[in-house]
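The values are calculated or read from the model by the stated rules, or taken from the named source; none is laboratory data. No experiment lies behind these values; they were computed from the predicted model shown. All Cβ positions, glycine included, derive from the backbone under ideal geometry; neighbour counts span all protein chains shown. With ligands, DNA and RNA removed, areas are computed over all heavy atoms of the protein, side chains included. Shrake-Rupley method; radii C 1.70, N 1.55, O 1.52, S 1.80 Å.
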Amino acid sequence: MPSDTSASGATPSGNVPPPSGPSPSTAPDAPAAGPSGTGHGYRALLRNREFAGLYAGLTLSVAASTLSGFALGTLVDARTGSPFLTAVSMYGATFATVIGALTLMSVADGGRPRRTLVALQCVSLAGVAAQALPGLPLAARFGLLLLLGFFQSLGTGTRLGLLAEVVPRAGYAPARSLMNVTAGATAVLGYAVGGVLTRHLTPYQVFLVAAALTAAGLAVVAATVREHSIRPAGRPGLRRTRAANRELIGDPGRRALLLNLWVPNGLVVGCEALFLSYAPDHAGSLLAAASAGMLLGDLVVGRLLTAAGRRRAAFPLRLLLAVPYLLFALHPPLPLALVAVFVSGAGFAATLPLQELLLAATPDAVRGQVQGVESAGRMTWQGLGAAVAGGVASVLAPAAAITAVAAASIAVTVASRPSVARAARAADIRAGAAPGHSGPAA
């Protein structure tokens, strides 16, 4: 299942102080170098001290979150024996992300983003360390889980807002690609390591390992990231969050981009959620194939394609995300099903060009909030997609449900394509270039 790496002024359109340096939406691309043609390959990005700090901090945070979730799931399963409570303990934090997006996500665009990110990581450290207390009741553990999910969603928005400031525009998609690939690989490795650790350590000791990783991520960010000046005046809060969200959803172009980042993606995750019902003995293989395809897609699209190439690939990739699942109507043999799921996984890379367009269409003053909202909405729609698919599967057979949900994803992609094309042209105009300068909108 895809994860995320990846979510104002008085109003988003209000005046903001001029930046002290070029922003990603205005900075010229670096001279072409490397396969991507942007001069911003992975090694070049990692030579950027601030990006390297954000990248290392994210990697350590994902590792800590994975181990913490595994430890909590193990503890809840041992105490309750409930599959439902165990699943909620491992993934329930994602449901709190939407609360952050709707209430306080404007903190991602506060005047001191580095300080905000460090403070949020301190809260995460305190929460993970508290889980290591042996006598803590399960109700308190679930409360901590939701609280951490809320603050982590704010941290995601702050981190992505900083990312848009520490790398130039041409480096944004490769940077997101590298972070996505690493986060996915770290999560897979984290669950494997968690399985080994729980054989030799108690869940409370695994929580301490997760706390140590969180502390290391906090130290890296504090040592490498500096404050940035592309920030609005005023105090972040509920009113500013609501005002920015209203303007975000009220803008037809950005609304179309969010729709395409959330719904087709979430519905296909719903298809993946039915693997256990469709093929109980092979669900692990199918999920592994989906993950492998996702990682390969992010590598190819983020590293090897130019900005124009990503723009042209966006629509085919969104179709690729769902079309292979139509084969499940025919109950394909396992090898063919694995190939279909692998190919579909590569389609998740459609998020990269859409995120580039969303960034280009967003005023500097609310970039962190908008990206935080996008991330939280995408994670929420993954949960909704699983619920929708499960509901359909309760009426139809699993194979028929997978096919129906995939067809719905295709319908959303095709129906919204004209709106996405208009959003791409508007982003080009905002960037001060002729419409379509990065290639045909998809």
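Being in a helix (DSSP H, G or I), of a type outside the set (D, E, K, R), open to solvent by 50 Å² or more (accessible area, probe 1.4 Å) and closer than 18 Å to residue 194 by Cα: is that true of residue 71 here? For residue 71, the condition - in a helix (DSSP H, G or I), of a type outside the set (D, E, K, R), open to solvent by 50 Å² or more (accessible area, probe 1.4 Å) and closer than 18 Å to residue 194 by Cα - is not met. In this structure, residue 286 does satisfy being of a type outside the set (Gly, Ala, Ser), closer than 22 Å to residue 185 by Cβ, under 22 Å from the mean Cα position of the chain (by Cα) and surrounded by fewer than 24 Cβ atoms within 10 Å (Cβ to Cβ). In this structure, does residue 35 turn out to be open to solvent by 40 Å² or more (accessible area, probe 1.4 Å), at pLDDT 50 or above and of a type outside the set (D, E, K, R)? It is false that residue 35 is open to solvent by 40 Å² or more (accessible area, probe 1.4 Å), at pLDDT 50 or above and of a type outside the set (D, E, K, R). For the stretch 289-306, a residue qualifies if it is more than 27 Å from residue 399 (Cα to Cα) and surrounded by fewer than 21 Cβ atoms within 10 Å (Cβ to Cβ), and the qualifying residues are 299, 300, 303, 304, 306. Scanning the stretch 100-110 for residues that are crowded, with 17+ Cβ neighbours inside 10 Å and either among the aliphatic types (A, V, I, L, M) or assigned to a loop (DSSP other than H, G, I, E, B) (or both) yields a count of 6. The condition (being within 22 Å of residue 270 (Cα to Cα), open to solvent by less than 20 Å² (accessible area, probe 1.4 Å), assigned to a helix (DSSP H, G or I) and modelled with pLDDT of 85 or more) is satisfied by just one residue among 402, 410: 402. Every listed requirement among (1) more than 19 Å from residue 162 (Cβ to Cβ); (2) at pLDDT below 85; (3) more than 13 Å from the chain's Cα centre (by Cα) is met by residue 380 save one, (3). What do you reckon, is residue 270 more than 17 Å from the chain's Cα centre (by Cα) and either at pLDDT below 85 or farther than 24 Å from residue 360 by Cβ (or both)? When the stated conditions are applied, residue 270 does not pass them. For the stretch 353-370, the criterion of being open to solvent by 10 Å² or more (accessible area, probe 1.4 Å), within 11 Å of the chain's Cα centre (by Cα) and of a type outside the set (Asp, Glu) is met by none of the residues. Among the residues of the stretch 371-399, write down those that are of a type in the set (Gly, Ala, Ser) and either crowded, with 24+ Cβ neighbours inside 10 Å or in contact with a helix residue (DSSP H, G or I) (Cβ under 7 Å, 6 or more places away or on another chain) (or both). Scanning the stretch 371-399 gives 372, 375, 376, 377, 383, 385, 386, 389, 390, 393, 399. Of all residues in the stretch 255-277, those satisfying the criterion of being of a type outside the set (A, V, I, L, M) and either buried (at least 21 other Cβ atoms within 10 Å of the Cβ) or not in a helix (DSSP H, G or I) (or both) are 260, 262, 264, 265, 266, 270, 271, 272, 275.
For the stretch 45-58, does any single residue satisfy the condition of being at pLDDT below 85, under 21 Å from residue 367 (Cα atoms), in a helix (DSSP H, G or I) and open to solvent by 10 Å² or more (accessible area, probe 1.4 Å)? Scanning the stretch 45-58, I find no residue that is at pLDDT below 85, under 21 Å from residue 367 (Cα atoms), in a helix (DSSP H, G or I) and open to solvent by 10 Å² or more (accessible area, probe 1.4 Å), so the answer is no.
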